[in-house]
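Report on one structure; see the data block that follows.
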Amino acid sequence: MSFNLFLSLYNTGEHQMDYHEYELEDFLADSEFRDWVTKPNRSSHFFWKNWLAANPSKRDTVLAAKEILLSLSFHLDNELDGKAREELLTSILGKRNLIPKSNGSSLMSFVLPLVACGLLFFGLVIGMRMSATTELVPTTQSITYLEKENLRGKKSRITLPDGTTVYLNNNSRIKYASRFVNERQVYLEGEAYFEVEKDPTKPFLVKSNGLVTRALGTAFNVKAHKGKKVEVGLVEGKISVAPVLEDKKVGIIDSPGGKATFTSEDGELNFSAYADMDFYKWTKRTLVFKAAGFDEIEETLENWYDVNITVRNLKRRVTYTGEFPSESLESVLARIAFVEKFSFRIDEEDEREVTIYFK
């Protein structure tokens, strides 16, 4: 496939080539394929499921292309313009000679070199975006507030005005000023991981469900879903936490894995430590359960994969522990089912509908 033909396919979304003849770059360039990966619906799911069943030799190529698109969707700010996305995807496809030729290569060895190449260009693309938009700042330097929200099944990476990086989890929302003046303050509902840019003159504050987390330059995770306890976990550096209404009741966390738990209903603030550093592995697209009850498993899977789960005949307590790096819903359910003794069915006409049957 020539470079000019690739650009034509990428820009117009039209494909003259039969899917049977497609290679990795052809799938990435095909708009219908990209829509199936990023915005699946019943008809596209039906088509690709049947096409893969009829063309098993293309399965590894299709899964590799799907993984690349999902990785880019996670690692890139969704507001990158089309030109920046095109340049990044073109850069990745320009490295396609890194793909192992052996039929025995694993899917991950097939995918990771391409993803790595794409992420290598991420900083350049972001820099281009920032330099291209600086002229849009009003001369009066007025402040507006921006809000980013991820629905179920979606994660994103956001760069704040001060250079701080935020990984926003699914079913989460963050609000912040278009520029920071005296302090850097953000509001969070849901879960996010912060890599804070150092600036001793402007403290960095995260307000979430009645708790304020303060940092200068550090990395930490905040989990603050509405109606639930707030959990703050330190990855590196040092942070302080305090209830909004009792700002003198301050606690310091300065050891990696240190944890603060806050209940907004009674203002109770407790300190402990995580047993390991798995609490922020979701930023690496790794799903982790620690002695999880089935209510937690159900809610997590619904948010992670944007599905609706119906549970039948559950009459016992479940405490499941497991780790799933970038695995499909079907694979995750199969592994949990083996341990917890249940069967499941993913609706063929609507893959977002899942039923679990306990034995």
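Condition check ((1) among the aliphatic types (A, V, I, L, M); (2) more than 16 Å from THR164 (Cβ to Cβ); (3) buried (at least 16 other Cβ atoms within 10 Å of the Cβ); (4) modelled with pLDDT of 95 or more) across all residues:
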{"position": "PRO200", "(1), (2), (3), (4)": "no, no, no, no"}
{"position": "THR213", "(1), (2), (3), (4)": "no, no, yes, yes"}
{"position": "LEU216", "(1), (2), (3), (4)": "yes, no, yes, no"}
{"position": "VAL250", "(1), (2), (3), (4)": "yes, yes, no, no"}
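Counting the residues of the stretch 311-341 that are assigned to a loop (DSSP other than H, G, I, E, B) and of a type in the set (A, V, I, L, M) gives 2. Looking across the stretch 32-59, the residues that are among the small types (Gly, Ala, Ser), exposed (fewer than 15 other Cβ atoms within 10 Å of the Cβ) and under 21 Å from GLU351 (Cα atoms) come down to SER43, ALA53, ALA54.
Every test in (1) in contact with a Leu (Cβ under 8 Å, 6 or more places away or on another chain); (2) surrounded by 14 or more Cβ atoms within 10 Å (Cβ to Cβ); (3) at pLDDT 75 or above is passed by ILE92 save one, and that test is (3).
Looking across the stretch 303-330, just one residue is exposed (fewer than 12 other Cβ atoms within 10 Å of the Cβ), at pLDDT below 95 and either of a type in the set (Asp, Glu) or under 23 Å from the mean Cα position of the chain (by Cα) (or both), and that is PRO325. Considering the conditions (1) part of a loop (DSSP other than H, G, I, E, B); (2) open to solvent by less than 40 Å² (accessible area, probe 1.4 Å), ALA275 is excluded by exactly one of them, (2).
Of all residues assigned to the stretch 158-177, at least one qualifies as being on the phi < 0 side of the Ramachandran plot and in contact with a Pro (Cβ under 8 Å, 6 or more places away or on another chain).
Okay, residues lined up against (1) open to solvent by 70 Å² or more (accessible area, probe 1.4 Å); (2) under 23 Å from PHE324 (Cβ atoms); (3) of a type outside the set (D, E, K, R):
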site	(1), (2), (3)
VAL232	no, no, yes
SER240	no, no, yes
THR261	no, no, yes
GLU268	yes, no, no
ARG285	no, yes, no
THR300	no, yes, yes
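The values are calculated or read from the model by the stated rules, or taken from the named source; none is laboratory data. Everything numeric here is computed off the predicted structure, so don't read it as measured data. Note that each Cβ is placed from the backbone with ideal geometry, even for glycine, and that neighbours are counted across all protein chains shown. Note: areas computed on protein heavy atoms with side chains; ligands, DNA, RNA excluded. Shrake-Rupley method; radii C 1.70, N 1.55, O 1.52, S 1.80 Å.
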